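Student: Below is one structure. I have some questions about it.
The values are calculated or read from the model by the stated rules, or taken from the named source; none is laboratory data. Quick caveat, the model's predicted, so the values are computed rather than measured. Note that we place each Cβ from the backbone using ideal geometry, even for glycine, and neighbour counts take in every protein chain shown. Only protein heavy atoms, including side chains, enter the accessible area calculation; ligands, DNA and RNA are left aside. Shrake-Rupley method; radii C 1.70, N 1.55, O 1.52, S 1.80 Å.
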Amino acid sequence: MKEKTETPGGAQGKQRPRVLVSGGGTGGHIFPALSIADELRRRLDAEILFVGASGRMEMTRVPEAGYKIIGLPVAGFDRKRIWRNFKVIAKLLSSMTMAKKIIKDFNPQIVVGVGGYASGPVLKEAQKRRIPTLIQEQNSYAGVTNKLLAKKADSICVAYDDMDRFFPAEKIVKTGNPIRKKLLEKSLTRKEALESFGLSPDKKTLLVVGGSLGALTINESLEKGIKDIVSKGIQVIWQTGKNFDNRGPEACKGLKGVVVTQFISDMGAAYKGADLVISRAGAASISELQALGKAVILVPSPNVAEDHQTHNAMALVKQGAAVLVADVEARKQLVPKALELISDIKKLDEMSVKISAMGIHDSAFKIGEEVCRLLKAK
C-alpha cells in the first residue's frame, strides 16, 4: 500500500501541493526547470503545471518528460527593429490575460520562475494575488525579467556569488543550477565511453559542443582546423548542431579519429571521454562542466541578452577554472589554444580541480528545500 504523502504543512493525507513552473526558451532554462519539477514530484508528490512560450522548445521537451504545459504567445522585444515591437506588446497583453486565467484555474500554492519570456506574465500575476513566488536565476548576470520580478519575489535561487548586485540580499539563496540526472548517473569508465564512439582510449580527446542548433563560430573554427588537430594525434567528438548542414562531415572526410554528428545522444559518455571541452558559456553547460570537473575553453555567444555568457565565463576564468576565447577571435585563436592546452596535462588537471570546486552537486534538492520552506510559511 502506498504511504500517504505528508505535505509541508505537516498533515497526513492532505491534498497534493500544486506547483506552477514558468519559463523556458532555451535548454539553459528548461533542463533546470525539469530537474526542479522532478525533485518536487519525488519529494511532495506535487501536482505540477508548466507554462512556456508557444513555439519554443519547452513545448515539446516538457511533454516528453511527462508534464503538462500551456503555451503563451509571448515574445521578446526586438531591440534592433523597434517598429516590430507593436506585435510584441500585443502578444504580451494577450499573455497577461491568459496568465490570469491559468492561475485562477490551476490555483497554485507556489509559482517557480526559471527565466525566459513566459516567466514575466505568470509570476507578475501570481505576485498580484500574493501567491508565493520563487525565481531561479541561472546566470551570473541577471536577466531583465528576473530583475523586474525580484522585488516582490519571496526567494531567489542563484548559482553565483555577488548576486546582490541585482537582487535583494536577504532573498538570495545560493543553490547552484540543477543539471540533467543522466549525466551524474553515468558509471562508464573513460575507456568504455570512448569505445562507445569507436575511439581509442589511448589518445587525447577533444569534445566540441555548441548547442542543439550549433554555434557557427565554433563550427567554422573546427572546419578550418580539424585536419591540423587530427595531424597532432588528437581525437575529436564534434557536435555541429542542426544548422551546419553537411559542412562538418565534409570537412572530416577521410579523417580517422573524428566523430562528427548534429546531435550527441549520450552526452554523459561524451563528457566522460573528453580530456578538454570547447563550449559556449550558457548557464546549463557551465553547471554540467562544473559538476563533472571538465577542463574547458569557453567561447561566449555574442547573441544573448546583456552579454550574460561572457559574464558567466569570466566568473570561471577569474578562478583559473576555464579559458575564454572571444567569439570574434575564435576563428584565429580557438584551435591553436585547444592544441596548446590539451597537451598540457598539468594545466588540464589544475583546471579540472578548480572547476569542480565551483560546482554544487545537489542543486535540485536545495531548491526543493526552499520551495518546501515557502509552502510551510504560507
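Student: Across segment 119-142, which residue is farthest from LYS152 (Cα to Cα) among those that are open to solvent by less than 50 Å² (accessible area, probe 1.4 Å) and among the hydroxyl-bearing types (Ser, Thr, Tyr)? Please lay out each step first, then the result.
Tutor: Of segment 119-142, the ones open to solvent by less than 50 Å² (accessible area, probe 1.4 Å) are 119-123, 125-127, 131-140, 142.
Those still in the list that are among the hydroxyl-bearing types (Ser, Thr, Tyr) too: 119, 133, 140.
Numbers: SER119: 14, THR133: 8, SER140: 21 Å.
Among those that are open to solvent by less than 50 Å² (accessible area, probe 1.4 Å) and among the hydroxyl-bearing types (Ser, Thr, Tyr), it is SER140.
Student: Please go through segment 85-118 and pick out each residue that is under 19 Å from LYS147 (Cα atoms), open to solvent by 10 Å² or more (accessible area, probe 1.4 Å) and either among the hydrophobic types (A, V, I, L, M, F, W, C) or out of contact with any helix residue (DSSP H, G or I) (no Cβ under 6 Å at 6 or more places or on another chain) (or both).
Tutor: LEU92, MET96, TYR117
Student: Return the residue satisfying two criteria in turn: it lies in segment 243-258 and is in contact with a strand residue (DSSP E or B) (Cβ under 6 Å, 6 or more places away or on another chain), buried (at least 20 other Cβ atoms within 10 Å of the Cβ) and not in a loop (DSSP other than H, G, I, E, B), and of such residues it is modelled with the highest pLDDT.
Tutor: VAL258
Student: Give the residues of segment 286-305 that are in contact with a helix residue (DSSP H, G or I) (Cβ under 8 Å, 6 or more places away or on another chain), assigned to a loop (DSSP other than H, G, I, E, B) and either among the polar types (S, T, N, Q) or closer than 16 Å to VAL317 by Cα (or both), sorted by residue number. Talk me through it step by step, then tell me what you get.
Tutor: Let us first name the residues in segment 286-305 that are in contact with a helix residue (DSSP H, G or I) (Cβ under 8 Å, 6 or more places away or on another chain), namely 286-302, 305.
Cutting the leftovers down to assigned to a loop (DSSP other than H, G, I, E, B) gives us 293-295, 299-302.
GLY293, LYS294, ALA295, VAL299, PRO300, SER301, listed by residue number.
Student: Next question. Within segment 272-280, is even one residue among the small types (Gly, Ala, Ser), in contact (Cβ under 8 Å) with a residue 12 or more places away in the chain and assigned to a strand (DSSP E or B)? Show your work before the answer.
Tutor: Initial filter on segment 272-280 (among the small types (Gly, Ala, Ser)): 273-274, 279.
Pick out the ones that are also in contact (Cβ under 8 Å) with a residue 12 or more places away in the chain and you get 273-274, 279.
Narrowing the set further to residues that are assigned to a strand (DSSP E or B) leaves 279.
So far as segment 272-280 goes, yes, one or more of its residues are among the small types (Gly, Ala, Ser), in contact (Cβ under 8 Å) with a residue 12 or more places away in the chain and assigned to a strand (DSSP E or B).
Student: Of all residues in segment 207-217, how many are in contact (Cβ under 8 Å) with a residue 60 or more places away in the chain and more than 19 Å from the chain's Cα centre (by Cα)?
Tutor: Just the residues of segment 207-217 that are in contact (Cβ under 8 Å) with a residue 60 or more places away in the chain, to begin with: 207-212, 215, 217.
Still in the running and more than 19 Å from the chain's Cα centre (by Cα): 217.
Total satisfying the criteria: 1.
Student: Identify, please: which residue in segment 227-242 is at pLDDT below 95 and in a loop (DSSP other than H, G, I, E, B) and is, among those, surrounded by the fewest Cβ atoms within 10 Å (Cβ to Cβ)?
Tutor: Across segment 227-242, the extreme among qualifying residues is GLY241.
Student: Under the condition of being surrounded by 21 or more Cβ atoms within 10 Å (Cβ to Cβ) and under 25 Å from ASP362 (Cβ atoms), which residue from segment 168-206 is farthest from the chain's Cα centre (by Cα)? Step through it out loud before you land on a result.
Tutor: Taking segment 168-206 as the starting set, the residues that turn out to be surrounded by 21 or more Cβ atoms within 10 Å (Cβ to Cβ) are 175-179, 193-194, 205-206.
Cutting the leftovers down to under 25 Å from ASP362 (Cβ atoms) gives us 175-179, 193.
On the way: THR175: 14, GLY176: 11, ASN177: 8, PRO178: 8, ILE179: 7, ALA193: 23 Å.
Across segment 168-206, the extreme among qualifying residues is ALA193.
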